[in-house]
């Protein structure tokens, strides 16, 4: 009789141990997922704030230059593969055909609706969680799209007094 009670007690302990282990694993997974999501959000905000502050600062200057390259990186959060800058004088015919269909549609709609001049003029692939408007920008051809390489983009910002010119750094 005593052995049957011990076996029943051991089964109960094993079930309880498996249940507690499952709760710990589930909680750990949720916590790690949450930390990773918040890390991506922080990276996006840092990218957005750096870009906005530099373009805004340079737009009031004439001739001042900031170069983002390997020595002074403009880090783009890991999940983004493409960054497009669109100036107020862009035309829908200038939207590069090599962009994904989704990004092409978003940029074309933004140009047609005129939101480039006051709401959103930087576009990311995949789409950003919030619009990015960096201020008045000048771009040769109206649109500059760049692939993210090694987690960054290499660009030159030049103050033009009232706007900031954005160019690719080769």
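Reported count of residues in segment 102-134, each being surrounded by fewer than 17 Cβ atoms within 10 Å (Cβ to Cβ) and in a loop (DSSP other than H, G, I, E, B), is 8.
The sole residue among 26, 12 that is assigned to a helix (DSSP H, G or I) and at pLDDT below 85 is 12. When residue 77 is tested against (1) in a loop (DSSP other than H, G, I, E, B); (2) at pLDDT 90 or above; (3) surrounded by fewer than 19 Cβ atoms within 10 Å (Cβ to Cβ); (4) within 15 Å of the chain's Cα centre (by Cα), just one condition goes unmet, and that condition is (3). Once segment 135-151 is narrowed to residues that are surrounded by 18 or more Cβ atoms within 10 Å (Cβ to Cβ) and not in a loop (DSSP other than H, G, I, E, B), the residue that is farthest from the chain's Cα centre (by Cα) is 138.
Would you tally the residues in segment 152-165 being at negative phi and not in a strand (DSSP E or B)? Residues in segment 152-165 being at negative phi and not in a strand (DSSP E or B): 2 in total. May I ask you to verify whether residue 47 is modelled with pLDDT of 90 or more, in a strand (DSSP E or B), under 19 Å from residue 132 (Cα atoms) and touching a strand residue (DSSP E or B) at 6+ places or on another chain (Cβ under 8 Å)? No; evaluated as a whole, the condition is false for this residue. Residue 90 meets the conditions (1) buried (at least 16 other Cβ atoms within 10 Å of the Cβ); (2) more than 22 Å from the chain's Cα centre (by Cα); (3) part of a helix (DSSP H, G or I) in every case but one. The failed one is (3).
The values are calculated or read from the model by the stated rules, or taken from the named source; none is laboratory data. Predicted, not measured: the structure shown is a model, and the values here were computed from it. Cβ atoms come from the backbone with ideal geometry, glycine included; neighbour counts cover every protein chain shown.
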